[in-house]
1. In units of 2.2 N^0.38 Å, what is the alpha-carbon radius of gyration of region 143-220?
2. Arrange the residues E52, E173, E151 by how much accessible surface each exposes, largest first, with a 1.4 angstrom probe.
3. What number, rounded to the nearest 500 deg cm²/dmol, is the helix-based mean residue ellipticity at 222 nm of the chain, given -39500 (n - 2.57) per DSSP H run of at least four residues and division by all its residues?
4. Rounded to whole Å and sorted largest first, what semi-axes of the equivalent ellipsoid does the C-alpha gyration tensor of region 1-65 yield via the square root of 5 times each eigenvalue?
5. With angles folded into 0 to 90 degrees, how steeply does helix 43-53 sit against the dominant principal axis of the chain? Use alpha carbons for both and round to 10.
6. State log₁₀ I(q)/I(0) for region 94-180 at q = 0.13, 0.21 Å⁻¹ as given by the Debye formula over alpha-carbon point scatterers of equal weight, solvent excluded.
7. Quick one: compute the contact order of the chain, relative version, from alpha carbon pairs under 8 angstrom and 6+ residues apart, as a percent.
8. Order 13-20, 82-89 from most to least packed using the mean count of other Cβ atoms within 10 Å.
Amino acid sequence: MSNAIGRFAGPGSLGESDCLVVIDLQNDFMPSGALPVPDGDAVVPVINRLAEAFPHVVATQDWHPADHSSFASAHPGRGAFETIEAPYGPQTLWPDHCVQGTEGAALHNGFASARAELILRKGFRPDIDSYSAFTENDRKTPTGLAGYLRERGFKRLFFAGLATDYCVRWSVEDARTAGFEAVLIEDACRAIDLAGSLAAAMKAMADAGAMSSSVDALLG
Ligand code: VGL
Ligand code: ZN
């Protein structure tokens, strides 16, 4: 398998079976938020341009209860960014973030979310994290998004948002597993990059048969 993610040849034109999927463009992932993604706010205007150009847009929101099991604060003696063994496997512990109903969980108010036809919330089960927009971290529990997108007739999904190496990565991989074409719009994403996680994510997406593109390549 190749290490490099293949270049998407270009959309020709975007049509009814193309959907932009905007991942977790929320205050807590912005540089001043609880779980900051470096330069995360830089993608907001870029994603607005994409959202204008795409025929269809959906968005996700990380949406945790206050005592969520992915929070280091729920595990006395453990710190943020450590890995624990959850019942379903290894789980990174995070600072408290995207708590349901808080300002940190709100979509960035510069994001033109009016174009989103669906806003899907994930990570709301107290005992299971969900990086992916499709399947929770137990790798079994579906969010329902694949069924929704399939029923809408979408074939090609284009991914933008935060963070490249966690929620975008797992969403892209699961999109492939669910039978969609998946295109990572690389410069419309930013990474957390913990301990080589970005390189691992790029390899995993390549191996899954995802393609890479850029804002300019798509919008011309
Ligand atoms: C995310 C870590 C924890 C993400 C969400 O949106 O990439 N990362 N929760
Ligand atoms: Zn989270």
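The values are calculated or read from the model by the stated rules, or taken from the named source; none is laboratory data. These numbers were taken from a predicted model, which means no experiment stands behind them. Here Cβ is always computed from backbone atoms with ideal geometry, including for glycine, and neighbour counts include all displayed protein chains. Accessible surface is based on the protein model in full, side chains and every heavy atom, while ligands, DNA and RNA are left aside. Shrake-Rupley method; radii C 1.70, N 1.55, O 1.52, S 1.80 Å.
1. Ratio of Rg to 2.2 N^0.38 Å for region 143-220: 1.07.
2. Final ranking, largest accessible area leading: E151, E52, E173.
3. Counting only the DSSP helices, I get -5500 deg cm²/dmol.
4. Computed over region 1-65, the values are 25, 17, 12 Å.
5. Approximately 40 degrees, to the nearest 10.
6. Results for region 94-180 at q = 0.13, 0.21 Å⁻¹ read -0.45, -1.21.
7. Value for the chain: 28 percent.
8. 13-20, 82-89
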